[in-house]
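The values are calculated or read from the model by the stated rules, or taken from the named source; none is laboratory data. On a predicted model such as this, the values are computed, not experimentally measured, just so you know. Don't worry about glycine lacking a Cβ; one is built from the backbone with ideal geometry, like all the others, and counts go over all protein chains shown. Calculation scope for accessible area: heavy atoms of the full protein, side chains included, ligands and nucleic acids excluded. Shrake-Rupley method; radii C 1.70, N 1.55, O 1.52, S 1.80 Å.
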Amino acid sequence: MKKSSKKTTIGIIGAGGMSRYHAEGFRSAGAEIAAIADTNPAAAAKTAARENVARSFGSVEEMLRDCPEINAVSIIVPNKFHAPLALQALKAGKHVFCEKPPALNAREARAMATAAAKARRTLMFDFNNRARPESRAMKAYIDQGVAGRVNSAQAKWVRRTGIPGFGGWFTSKALSGGGPVIDLLHMLDLALHFMGYPEPEWALGQTFADFITDKQFKGPWGIPDAKNGVTDVENACHGFIRFKTGQVLTMQSSWAELVKREEVSVAFQGTKAGGLVRRLFGQDGIDSTATDTCELYSQENGHSVNREIIVPPDETMGRVSAAANFVAAIEGREKPLNTATEAVTLMRIIDALYTSAKTGRPAKC
(Lines give C-alpha, C1' and ligand atoms only; values in the text may rest on other atoms or scores of the structure.)
Protein backbone atom coordinates (compact mmCIF):
# COMPACT_ATOMS: atom_id res chain seq x y z
CA MET A 1 0.00 0.00 0.00
CA LYS A 2 1.67 3.18 -1.23
CA LYS A 3 1.50 6.07 1.21
CA SER A 4 0.72 9.56 -0.02
CA SER A 5 2.51 12.61 1.35
CA LYS A 6 -0.22 14.96 0.10
CA LYS A 7 -2.60 16.29 2.73
CA THR A 8 -6.23 15.38 2.11
CA THR A 9 -8.41 18.46 1.69
CA ILE A 10 -12.14 17.80 1.52
CA GLY A 11 -15.21 19.61 0.28
CA ILE A 12 -18.51 18.47 1.80
CA ILE A 13 -21.52 18.42 -0.51
CA GLY A 14 -24.74 18.64 1.49
CA ALA A 15 -25.40 20.53 4.74
CA GLY A 16 -27.57 17.93 6.45
CA GLY A 17 -27.12 16.33 9.86
CA MET A 18 -24.70 13.64 8.69
CA SER A 19 -22.15 16.34 7.86
CA ARG A 20 -21.11 16.57 11.50
CA TYR A 21 -20.04 12.90 11.55
CA HIS A 22 -18.18 13.27 8.26
CA ALA A 23 -16.42 16.39 9.48
CA GLU A 24 -15.40 14.80 12.78
CA GLY A 25 -14.14 11.67 11.07
CA PHE A 26 -12.16 13.47 8.40
CA ARG A 27 -10.48 15.73 10.93
CA SER A 28 -9.69 12.86 13.29
CA ALA A 29 -7.71 11.31 10.42
CA GLY A 30 -5.80 14.54 9.83
CA ALA A 31 -7.72 15.93 6.84
CA GLU A 32 -8.68 19.55 6.31
CA ILE A 33 -12.22 20.62 5.37
CA ALA A 34 -12.05 23.50 2.94
CA ALA A 35 -15.70 24.18 2.20
CA ILE A 36 -19.32 23.08 2.34
CA ALA A 37 -21.66 23.31 -0.64
CA ASP A 38 -25.44 23.02 -0.69
CA THR A 39 -28.17 24.12 -3.08
CA ASN A 40 -29.50 26.05 -0.08
CA PRO A 41 -26.76 28.66 0.49
CA ALA A 42 -28.13 29.61 3.92
CA ALA A 43 -27.96 25.99 5.08
CA ALA A 44 -24.41 25.69 3.73
CA ALA A 45 -23.36 28.83 5.60
CA LYS A 46 -25.01 27.67 8.82
CA THR A 47 -23.35 24.25 8.72
CA ALA A 48 -19.99 25.79 7.80
CA ALA A 49 -20.23 28.05 10.85
CA ARG A 50 -21.19 25.15 13.12
CA GLU A 51 -18.30 23.01 11.87
CA ASN A 52 -15.80 25.89 11.79
CA VAL A 53 -15.33 25.59 8.02
CA ALA A 54 -14.05 28.76 6.36
CA ARG A 55 -16.06 28.75 3.13
CA SER A 56 -19.54 27.83 1.93
CA PHE A 57 -21.13 27.75 -1.51
CA GLY A 58 -24.54 27.46 -3.13
CA SER A 59 -23.32 25.04 -5.79
CA VAL A 60 -20.78 22.27 -6.27
CA GLU A 61 -19.48 23.94 -9.42
CA GLU A 62 -18.57 27.09 -7.46
CA MET A 63 -16.85 25.10 -4.73
CA LEU A 64 -14.73 23.05 -7.12
CA ARG A 65 -13.84 26.17 -9.16
CA ASP A 66 -12.94 28.39 -6.22
CA CYS A 67 -11.25 25.76 -4.03
CA PRO A 68 -8.63 24.07 -6.25
CA GLU A 69 -6.93 22.65 -3.16
CA ILE A 70 -9.81 20.20 -2.66
CA ASN A 71 -8.75 16.69 -3.67
CA ALA A 72 -11.70 14.78 -2.19
CA VAL A 73 -15.40 15.29 -1.58
CA SER A 74 -18.10 13.73 0.56
CA ILE A 75 -21.65 13.51 -0.73
CA ILE A 76 -24.57 13.87 1.71
CA VAL A 77 -27.67 14.43 -0.43
CA PRO A 78 -30.85 12.54 -1.41
CA ASN A 79 -30.18 9.25 -3.20
CA LYS A 80 -31.12 10.45 -6.69
CA PHE A 81 -28.14 12.80 -6.73
CA HIS A 82 -25.47 10.37 -5.51
CA ALA A 83 -24.42 9.13 -8.93
CA PRO A 84 -24.50 12.50 -10.79
CA LEU A 85 -22.47 14.26 -8.10
CA ALA A 86 -20.00 11.38 -7.75
CA LEU A 87 -19.47 11.31 -11.53
CA GLN A 88 -18.97 15.09 -11.57
CA ALA A 89 -16.38 14.92 -8.77
CA LEU A 90 -14.54 11.93 -10.25
CA LYS A 91 -14.37 13.65 -13.64
CA ALA A 92 -12.82 16.61 -11.83
CA GLY A 93 -10.17 14.27 -10.38
CA LYS A 94 -11.48 14.10 -6.81
CA HIS A 95 -11.72 11.11 -4.47
CA VAL A 96 -15.31 10.45 -3.37
CA PHE A 97 -16.91 9.37 -0.09
CA CYS A 98 -20.64 8.98 -0.66
CA GLU A 99 -23.52 8.36 1.72
CA LYS A 100 -25.48 5.15 1.28
CA PRO A 101 -27.04 3.79 -0.84
CA PRO A 102 -24.36 3.89 -3.54
CA ALA A 103 -26.94 4.84 -6.18
CA LEU A 104 -30.53 4.27 -7.25
CA ASN A 105 -29.62 1.01 -9.03
CA ALA A 106 -26.78 -1.20 -10.27
CA ARG A 107 -26.53 0.60 -13.62
CA GLU A 108 -25.66 3.86 -11.85
CA ALA A 109 -23.29 2.09 -9.45
CA ARG A 110 -21.42 0.52 -12.39
CA ALA A 111 -21.03 3.92 -14.02
CA MET A 112 -19.59 5.30 -10.79
CA ALA A 113 -17.16 2.38 -10.41
CA THR A 114 -16.04 2.73 -14.03
CA ALA A 115 -15.48 6.48 -13.60
CA ALA A 116 -13.42 5.93 -10.45
CA ALA A 117 -11.22 3.36 -12.19
CA LYS A 118 -10.75 5.66 -15.20
CA ALA A 119 -9.86 8.61 -12.96
CA ARG A 120 -7.66 6.44 -10.73
CA ARG A 121 -9.43 7.81 -7.70
CA THR A 122 -10.87 6.21 -4.57
CA LEU A 123 -14.65 5.75 -4.46
CA MET A 124 -16.04 4.65 -1.10
CA PHE A 125 -19.42 4.63 0.62
CA ASP A 126 -20.55 5.31 4.16
CA PHE A 127 -21.35 1.73 5.19
CA ASN A 128 -20.73 2.84 8.75
CA ASN A 129 -21.94 -0.40 10.32
CA ARG A 130 -18.80 -2.11 8.99
CA ALA A 131 -16.83 0.40 11.09
CA ARG A 132 -18.64 -0.34 14.36
CA PRO A 133 -16.34 -1.96 16.96
CA GLU A 134 -18.56 -5.07 17.04
CA SER A 135 -18.34 -5.53 13.28
CA ARG A 136 -14.60 -4.94 13.15
CA ALA A 137 -14.05 -7.48 15.93
CA MET A 138 -16.29 -10.10 14.30
CA LYS A 139 -14.67 -9.63 10.88
CA ALA A 140 -11.25 -10.12 12.45
CA TYR A 141 -12.36 -13.48 13.88
CA ILE A 142 -13.80 -14.50 10.51
CA ASP A 143 -10.61 -13.47 8.69
CA GLN A 144 -8.57 -15.53 11.16
CA GLY A 145 -10.60 -18.60 10.19
CA VAL A 146 -12.41 -18.95 13.53
CA ALA A 147 -15.82 -19.36 11.82
CA GLY A 148 -14.59 -21.47 8.91
CA ARG A 149 -16.63 -21.06 5.74
CA VAL A 150 -19.72 -18.93 6.36
CA ASN A 151 -22.45 -21.01 4.73
CA SER A 152 -25.49 -18.92 5.62
CA ALA A 153 -26.47 -15.60 7.13
CA GLN A 154 -29.54 -13.65 8.18
CA ALA A 155 -29.59 -9.87 7.75
CA LYS A 156 -32.25 -7.92 9.57
CA TRP A 157 -33.13 -4.28 10.08
CA VAL A 158 -36.75 -4.10 11.20
CA ARG A 159 -38.70 -1.25 12.73
CA ARG A 160 -42.19 -1.12 14.10
CA THR A 161 -42.68 2.64 13.83
CA GLY A 162 -39.98 3.88 11.52
CA ILE A 163 -41.43 5.58 8.44
CA PRO A 164 -39.23 8.68 7.99
CA GLY A 165 -41.96 11.15 7.11
CA PHE A 166 -44.68 11.00 4.45
CA GLY A 167 -44.40 12.57 1.01
CA GLY A 168 -40.74 13.57 1.33
CA TRP A 169 -37.86 12.27 -0.73
CA PHE A 170 -37.49 9.13 1.44
CA THR A 171 -40.91 7.87 0.32
CA SER A 172 -40.61 8.87 -3.35
CA LYS A 173 -39.17 6.04 -5.46
CA ALA A 174 -37.98 8.51 -8.09
CA LEU A 175 -35.83 10.28 -5.49
CA SER A 176 -34.90 7.43 -3.14
CA GLY A 177 -34.86 4.31 -5.32
CA GLY A 178 -37.13 2.49 -2.87
CA GLY A 179 -38.14 2.15 0.76
CA PRO A 180 -36.43 0.21 3.56
CA VAL A 181 -34.78 -2.26 1.17
CA ILE A 182 -32.53 0.51 -0.12
CA ASP A 183 -32.61 2.80 2.94
CA LEU A 184 -31.77 0.11 5.51
CA LEU A 185 -29.30 -1.82 3.35
CA HIS A 186 -26.59 -1.72 6.02
CA MET A 187 -27.26 -5.19 7.41
CA LEU A 188 -27.45 -6.74 3.95
CA ASP A 189 -24.05 -5.19 3.25
CA LEU A 190 -22.65 -6.31 6.62
CA ALA A 191 -23.81 -9.89 6.06
CA LEU A 192 -22.16 -9.90 2.63
CA HIS A 193 -19.02 -8.44 4.25
CA PHE A 194 -18.89 -11.32 6.73
CA MET A 195 -19.54 -13.85 3.93
CA GLY A 196 -16.68 -12.50 1.80
CA TYR A 197 -18.94 -10.72 -0.69
CA PRO A 198 -19.63 -13.82 -2.84
CA GLU A 199 -20.96 -13.56 -6.38
CA PRO A 200 -24.79 -13.56 -6.26
CA GLU A 201 -26.77 -15.87 -8.55
CA TRP A 202 -30.44 -15.04 -7.93
CA ALA A 203 -32.74 -13.39 -5.41
CA LEU A 204 -36.32 -14.00 -4.35
CA GLY A 205 -38.10 -11.09 -2.70
CA GLN A 206 -41.52 -9.92 -1.59
CA THR A 207 -42.36 -6.36 -0.65
CA PHE A 208 -45.32 -5.13 1.41
CA ALA A 209 -46.99 -1.70 1.48
CA ASP A 210 -49.79 -2.29 4.02
CA PHE A 211 -48.73 0.51 6.37
CA ILE A 212 -46.85 2.94 4.13
CA THR A 213 -49.54 5.64 4.39
CA ASP A 214 -50.53 4.95 8.01
CA LYS A 215 -49.27 7.74 10.27
CA GLN A 216 -49.37 5.45 13.32
CA PHE A 217 -46.13 4.05 11.95
CA LYS A 218 -44.17 7.29 11.61
CA GLY A 219 -40.73 7.22 13.21
CA PRO A 220 -39.43 9.53 15.94
CA TRP A 221 -36.98 11.19 13.56
CA GLY A 222 -36.76 11.99 9.87
CA ILE A 223 -38.10 14.78 7.75
CA PRO A 224 -41.40 16.70 7.97
CA ASP A 225 -44.39 15.38 6.04
CA ALA A 226 -44.92 16.94 2.60
CA LYS A 227 -48.62 17.60 2.12
CA ASN A 228 -48.67 17.04 -1.64
CA GLY A 229 -45.65 14.74 -1.80
CA VAL A 230 -45.36 11.23 -3.17
CA THR A 231 -45.45 8.05 -1.10
CA ASP A 232 -44.97 5.08 -3.44
CA VAL A 233 -42.40 2.77 -1.81
CA GLU A 234 -42.64 -0.41 0.28
CA ASN A 235 -42.77 -0.45 4.07
CA ALA A 236 -41.26 -3.95 4.38
CA CYS A 237 -39.47 -6.66 2.41
CA HIS A 238 -38.48 -10.28 3.01
CA GLY A 239 -36.00 -11.98 0.72
CA PHE A 240 -33.66 -14.86 0.00
CA ILE A 241 -30.41 -14.69 -1.99
CA ARG A 242 -28.42 -17.62 -3.38
CA PHE A 243 -24.78 -17.24 -4.39
CA LYS A 244 -22.77 -19.08 -7.03
CA THR A 245 -20.64 -20.47 -4.19
CA GLY A 246 -23.67 -22.24 -2.69
CA GLN A 247 -23.85 -19.79 0.22
CA VAL A 248 -27.28 -18.38 1.09
CA LEU A 249 -28.60 -15.26 2.77
CA THR A 250 -32.02 -14.27 4.07
CA MET A 251 -32.97 -10.64 4.62
CA GLN A 252 -35.77 -8.72 6.32
CA SER A 253 -36.08 -4.95 6.28
CA SER A 254 -38.92 -2.72 7.37
CA TRP A 255 -39.85 0.78 8.36
CA ALA A 256 -43.25 -0.40 9.52
CA GLU A 257 -43.96 -3.99 10.52
CA LEU A 258 -45.64 -5.52 13.55
CA VAL A 259 -42.50 -6.65 15.33
CA LYS A 260 -41.83 -6.30 19.06
CA ARG A 261 -39.15 -3.65 18.64
CA GLU A 262 -36.48 -2.37 16.30
CA GLU A 263 -33.69 -4.85 15.63
CA VAL A 264 -30.51 -4.32 13.64
CA SER A 265 -28.60 -7.58 13.27
CA VAL A 266 -26.57 -10.06 11.29
CA ALA A 267 -26.41 -13.69 12.36
CA PHE A 268 -24.34 -16.27 10.49
CA GLN A 269 -23.55 -19.97 10.55
CA GLY A 270 -20.09 -21.18 9.60
CA THR A 271 -18.44 -24.60 9.42
CA LYS A 272 -16.48 -23.92 12.63
CA ALA A 273 -18.57 -21.31 14.45
CA GLY A 274 -21.64 -19.14 14.19
CA GLY A 275 -21.98 -15.55 15.24
CA LEU A 276 -24.25 -12.63 15.95
CA VAL A 277 -23.86 -8.86 15.83
CA ARG A 278 -27.07 -7.21 17.03
CA ARG A 279 -28.51 -3.97 18.32
CA LEU A 280 -31.92 -4.16 20.03
CA PHE A 281 -33.84 -0.96 20.67
CA GLY A 282 -36.07 -0.23 23.64
CA GLN A 283 -37.71 2.52 21.56
CA ASP A 284 -37.53 2.69 17.77
CA GLY A 285 -34.84 5.03 16.53
CA ILE A 286 -33.57 6.10 19.96
CA ASP A 287 -29.98 4.87 20.23
CA SER A 288 -29.79 5.61 23.97
CA THR A 289 -32.39 2.86 24.53
CA ALA A 290 -30.44 0.21 22.60
CA THR A 291 -28.34 -2.73 23.78
CA ASP A 292 -25.59 -4.33 21.70
CA THR A 293 -24.57 -7.98 21.38
CA CYS A 294 -21.51 -9.52 19.75
CA GLU A 295 -21.17 -13.30 20.17
CA LEU A 296 -19.58 -16.43 18.70
CA TYR A 297 -21.02 -19.96 19.02
CA SER A 298 -19.01 -23.19 18.70
CA GLN A 299 -18.76 -26.81 19.83
CA GLU A 300 -15.59 -27.53 21.81
CA ASN A 301 -14.60 -30.69 23.69
CA GLY A 302 -18.16 -31.95 23.57
CA HIS A 303 -19.61 -28.72 24.92
CA SER A 304 -21.64 -25.87 23.45
CA VAL A 305 -19.52 -22.76 23.91
CA ASN A 306 -20.92 -19.24 23.59
CA ARG A 307 -18.32 -16.47 23.58
CA GLU A 308 -19.24 -12.85 24.30
CA ILE A 309 -17.01 -10.35 22.53
CA ILE A 310 -16.57 -7.16 24.57
CA VAL A 311 -15.73 -4.01 22.60
CA PRO A 312 -15.67 -0.30 23.47
CA PRO A 313 -19.00 1.48 22.89
CA ASP A 314 -19.36 3.77 19.90
CA GLU A 315 -22.19 6.27 20.17
CA THR A 316 -21.72 7.29 16.53
CA MET A 317 -22.44 3.75 15.23
CA GLY A 318 -19.18 3.74 13.26
CA ARG A 319 -19.97 6.94 11.36
CA VAL A 320 -16.89 8.85 12.51
CA SER A 321 -14.63 5.83 12.10
CA ALA A 322 -15.91 5.18 8.56
CA ALA A 323 -15.16 8.75 7.50
CA ALA A 324 -11.69 8.53 9.05
CA ASN A 325 -11.02 5.31 7.13
CA PHE A 326 -11.76 7.11 3.86
CA VAL A 327 -8.98 9.60 4.54
CA ALA A 328 -6.57 6.89 5.70
CA ALA A 329 -7.36 4.81 2.59
CA ILE A 330 -6.68 7.75 0.26
CA GLU A 331 -3.36 8.34 1.98
CA GLY A 332 -2.41 4.66 1.93
CA ARG A 333 -2.38 4.20 5.70
CA GLU A 334 -5.31 1.75 5.88
CA LYS A 335 -7.15 -0.62 3.61
CA PRO A 336 -10.53 0.76 2.49
CA LEU A 337 -13.46 -0.65 4.47
CA ASN A 338 -15.44 -1.02 1.24
CA THR A 339 -14.94 -0.89 -2.51
CA ALA A 340 -16.82 0.27 -5.59
CA THR A 341 -16.96 -3.33 -6.85
CA GLU A 342 -18.77 -4.41 -3.68
CA ALA A 343 -21.20 -1.53 -4.08
CA VAL A 344 -22.10 -2.73 -7.57
CA THR A 345 -22.73 -6.25 -6.23
CA LEU A 346 -24.94 -4.89 -3.45
CA MET A 347 -27.03 -2.87 -5.89
CA ARG A 348 -27.37 -5.89 -8.22
CA ILE A 349 -28.90 -7.81 -5.32
CA ILE A 350 -31.26 -4.95 -4.43
CA ASP A 351 -32.33 -4.62 -8.07
CA ALA A 352 -33.03 -8.36 -8.16
CA LEU A 353 -35.10 -8.24 -4.96
CA TYR A 354 -37.29 -5.49 -6.41
CA THR A 355 -37.60 -7.30 -9.74
CA SER A 356 -38.58 -10.54 -7.99
CA ALA A 357 -41.18 -8.73 -5.89
CA LYS A 358 -42.67 -7.25 -9.06
CA THR A 359 -42.72 -10.46 -11.10
CA GLY A 360 -43.36 -13.01 -8.36
CA ARG A 361 -40.39 -15.10 -9.52
CA PRO A 362 -36.71 -15.41 -8.60
CA ALA A 363 -34.61 -12.82 -10.45
CA LYS A 364 -31.04 -13.14 -11.64
CA CYS A 365 -28.60 -10.77 -9.98
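Odds and ends about this structure:
- Lone qualifier among ARG278, ARG348 - being free of Cβ contacts under 8 Å to residues at least 24 places away in the same chain and closer than 30 Å to VAL96 by Cα: ARG278
- Residues that are closer than 27 Å to ALA115 by Cα and either buried (at least 23 other Cβ atoms within 10 Å of the Cβ) or among the hydroxyl-bearing types (Ser, Thr, Tyr) (or both), drawn from the stretch 355-364: THR355
- Filter result for the condition that a residue is over 23 Å from MET195 (Cβ atoms), in contact with a strand residue (DSSP E or B) (Cβ under 7 Å, 6 or more places away or on another chain) and open to solvent by 10 Å² or more (accessible area, probe 1.4 Å), over LEU104, LEU90, LEU85: LEU85
- Number of positions in the stretch 243-262 that are open to solvent by less than 30 Å² (accessible area, probe 1.4 Å) and either in contact with a helix residue (DSSP H, G or I) (Cβ under 7 Å, 6 or more places away or on another chain) or more than 28 Å from TRP221 (Cα to Cα) (or both): 8
- Every test in (1) touching a residue at least 12 places away in the same chain (Cβ under 8 Å); (2) under 23 Å from MET317 (Cα atoms); (3) not small (Gly, Ala, Ser) is passed by LEU87 save one, and that test is (2).
- Pick from the stretch 277-305, criterion among the aliphatic types (A, V, I, L, M) and open to solvent by less than 20 Å² (accessible area, probe 1.4 Å), ranking: farthest from GLU315 (Cα to Cα): LEU296
- Qualifying residue in the stretch 30-51 (condition: touching a Gly at 6+ places or on another chain (Cβ under 8 Å), without any contact (Cβ under 8 Å) to a residue 24 or more places away in the chain and either of a type in the set (S, T, N, Q) or part of a helix (DSSP H, G or I) (or both)): yes
- SER74 vs. criteria open to solvent by 40 Å² or more (accessible area, probe 1.4 Å) and at negative phi: no
- Restricting ARG121, ARG159 to those that are open to solvent by 10 Å² or more (accessible area, probe 1.4 Å), basic (Lys, Arg) and in contact with a Phe, Trp or Tyr (Cβ under 7 Å, 6 or more places away or on another chain) reduces the list to ARG159.
- Residue check: PRO68 meets all listed conditions (1) in contact with a strand residue (DSSP E or B) (Cβ under 9 Å, 6 or more places away or on another chain); (2) within 20 Å of ALA23 (Cα to Cα); (3) open to solvent by 60 Å² or more (accessible area, probe 1.4 Å) but one, namely (1).
- Matching residues, the stretch 311-354, being open to solvent by less than 10 Å² (accessible area, probe 1.4 Å), within 14 Å of the chain's Cα centre (by Cα) and polar (S, T, N, Q): ASN338
- Of the strands (runs of 3 or more DSSP E) lying entirely inside the stretch 258-353, those containing at least 2 residues that are among the polar types (S, T, N, Q) span 263-270, 290-300, 303-308.
- Boolean, VAL230 is of a type in the set (A, V, I, L, M, F, W, C), surrounded by fewer than 18 Cβ atoms within 10 Å (Cβ to Cβ), more than 21 Å from the chain's Cα centre (by Cα) and within 19 Å of LEU190 (Cα to Cα): no
- Condition met for GLY219 (surrounded by fewer than 21 Cβ atoms within 10 Å (Cβ to Cβ) and over 17 Å from the mean Cα position of the chain (by Cα)): yes
- Condition broken by ASP183, with the remaining ones in (1) surrounded by 22 or more Cβ atoms within 10 Å (Cβ to Cβ); (2) within 17 Å of ASN129 (Cα to Cα) satisfied: (1)
- Residue among ASP126, ASP143 that is among the acidic types (Asp, Glu) and either more than 24 Å from THR245 (Cα to Cα) or touching a residue at least 12 places away in the same chain (Cβ under 8 Å) (or both): ASP126
- Any hit, the stretch 62-73, residues being touching a residue at least 60 places away in the same chain (Cβ under 8 Å) and within 12 Å of GLY14 (Cβ to Cβ): yes
- Residues in the stretch 188-212 that are hydrophobic (A, V, I, L, M, F, W, C), closer than 21 Å to PRO362 by Cα and open to solvent by less than 20 Å² (accessible area, probe 1.4 Å): LEU188, ALA191, LEU192, ALA203.
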